[in-house]
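The values are calculated or read from the model by the stated rules, or taken from the named source; none is laboratory data. Note that the structure is predicted; figures quoted are calculated from it, not measured. Neighbour counts are summed over all protein chains in view; Cβ atoms, including those assigned to glycine, are modelled from backbone coordinates with ideal geometry. Heavy atoms of the whole protein, side chains included, go into the accessibility calculation; ligands, DNA and RNA do not. Shrake-Rupley method; radii C 1.70, N 1.55, O 1.52, S 1.80 Å.
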Amino acid sequence: MKYISRSAIAASALVLAATMSQSFAAEWNMPVPYSDKTFHTVNIAAFVEEVKAATDGDLNITIHTANSLIKHPEIKNAVRSQQVQIGEFFLSRLSNEDAAFGIDSQPFVATSYEDAAKLWAVQKPVITLLLAKQNLIPLFSVPWPPQGLYTKGEIKTVADLSGLKFRAYNAALENFAKLAGAAPTQVEASDIPQAFSTGQVEAMITSPSTGANTKAWDFVSHYTPINAWVPKNIVVVNKDAFGALSATTQKAILAAAATAETRGWEMSKAETATKTAIMKDNGMNIVTPSAELLSGLKKIGAQMQADWNTSASVEAKEIAAAFKK
Ligand code: PCA
């Protein structure tokens, strides 16, 4: 008989144990629209690590960044149909389903972090009910820094935006650009550099985060922080996938989600200054918006608000009313 060493037996026992524990661990896939270095993705990676540690590896979430597994417009439905268990997307992209999802992207409604936090507090219960109808549970939501204007020259008035090929990321921004006389096109954040280099677009509104991450200085020269709105990403989980987990694991997810929301808001606030400084260091002109530009843009915002009021759902209007209180 062949001699089998004790260590070989010990080693195979370890392999067996690892295989068994693996077969009990849940493996989830999590598509996110943005790149690895985006602070939202960094925050999500920390959330995933925390869940893994808190559950002793019982739940392992694999993140798929920058539209690699599921494209941004499909992420919500992929979680809904349980093609994946969990995912992140830009919340106001659901405004076509209900205006309640899009209120954070309405120009000049909530323009500071304080406003954004107040808005989220009144928006969250409403969208939680709306998402529940789709078998989805919101876990946490984190804002982008306030949105500013990127152009190839100085923009002193709304008239200077006339005819510009403008990158948009949702319906509200598309509308805002149109009302300013620009020509909007939808482009995902991961496709921004290519859209500029091929001449598909020549201006955009986004945060200093996305400006710095896409190296905006390669294709525009001016950044004007108009701070027009503070839009959010949201992480949602499929209700059945969540329900299939043990009570302990569910608790761990909810705790890590609460931590991620707090941490994400702090990361977002810090981004505004650090990413604006990076753009400046790379030669971008950081321009204080003129009073004329701001009043022109606010006029467009007021018009959009009036349109919103005529078409918004009862629930959406309740959010707006609670926010104004
Ligand atoms: N960055 C994302 C959404 C808002 C932002 O600041 C983007 O530009 O697509």
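Descriptive notes on the structure:
- Placing +1 on the Cβ of every Lys and Arg and -1 on the Cβ of every Asp and Glu, with no other charges, gives region 199-325 a dipole of roughly 320 debye about its Cα centre.
- Amide H within-cut-off set for F166, under 5 Å, with H built and near neighbours excluded: A183, T185, E202
- Region 208-325: relative contact order in percent, alpha carbon pairs under 8 Å with at least 6 residues between: 50
- Neighbour-limited loop hits for trypsin sites (Lys or Arg not before Pro), region 68-104 (at most 15 other Cβ within 10 Å; DSSP other than H, G, I, E, B): K71
- Inter-centroid distance (Cα atoms) of region 291-306 relative to region 222-288, Å: 27
- Residue-normalised accessible area of region 174-325, given per residue in Å² at a 1.4 Å probe: 45
- Proximal aspartates and glutamates relative to K37, as straight alpha-carbon distance under 13 Å, when same-chain residues fewer than 8 apart are discounted: E271
- Options T198, I319, A270, ranked by Cα towards positive dipole end of the chain, top entry (Cβ charges): I319
- Selected from Q83, G163, S95, residue furthest toward positive end of dipole (region 63-191; charges at beta carbon): Q83
- Overall, the anisotropy analysis places region 181-325 in the oblate class: the square-rooted eigenvalues a ≥ b ≥ c of its C-alpha gyration tensor yield a/c not less than 1.5, with a/b not exceeding b/c.
- Shape of region 144-236, Cα gyration tensor, a/c cut at 1.5: rounded
- Inter-part distance where region 123-142 and region 59-119 are each reduced to a Cα centre, Å: 10
- Each residue of region 71-79 is assigned a 3J(HN,Hα), and the resulting list reads 6, 3, x, 9, 4, 4, 5, 5, 6 Hz, derived from the Karplus form 6.51 cos²θ - 1.76 cosθ + 1.60 (θ = phi - 60°), x at Gly and Pro.
- Phi angles of region 213-220 translate, via the Karplus equation with coefficients 6.51, -1.76, 1.60 and θ = phi - 60°, into HN-Hα couplings of 5, 9, 6, 4, 5, 6, 9, 9 Hz per residue; Gly and Pro are given as x.
- The charge dipole of region 114-256, taken about the Cα centre with unit charges on the Cβ atoms of Lys, Arg (+1) and Asp, Glu (-1), comes to about 360 debye, rounded to the nearest 20.
- Largest-first ordering by accessible area, 1.4 Å probe, given options D104, D56, D191: D56, D191, D104
- Relative contact order, percent, the chain [alpha-carbon distance under 8 Å, six or more residues apart]: 25
- Among A241, A228, A159: highest mean-square fluctuation, GNM of the chain, C-alpha pairs under 10 Å: A159
- Estimated [θ] at 222 nm from DSSP helical runs (n ≥ 4, -39500 (n - 2.57)) normalised by residues in the chain, nearest 500: -15500 deg cm²/dmol
- Value of relative contact order over region 90-188, rounded to a whole percent, pairs C-alpha under 8 Å and six or more apart: 22
- Near the amide H of I61, within less than 5 Å, lie the amide hydrogens of W28, all on another chain or at least 5 residues away, with H placed in the peptide plane.
- Its Cα centre serving as origin, the chain has a Cβ charge dipole (Lys and Arg +1, Asp and Glu -1) of approximately 120 debye.
- Couplings 3J(HN,Hα) of region 313-324, computed from phi: 5, 4, 4, 5, 5, 5, 4, 4, 5, 5, 5, 6 Hz, in residue order, whole Hz [Karplus 6.51 cos²θ - 1.76 cosθ + 1.60, θ = phi - 60°; x for Gly and Pro].
- Links that overshoot a 19 Å alpha carbon limit, given the list K232/K298; K76/K324; K118/K239; K118/K232; K156/K298: K232/K298; K76/K324; K118/K239
- DSSP bridge analysis restricted to the chain gives an antiparallel fraction near 55%, rounded to the nearest 5.
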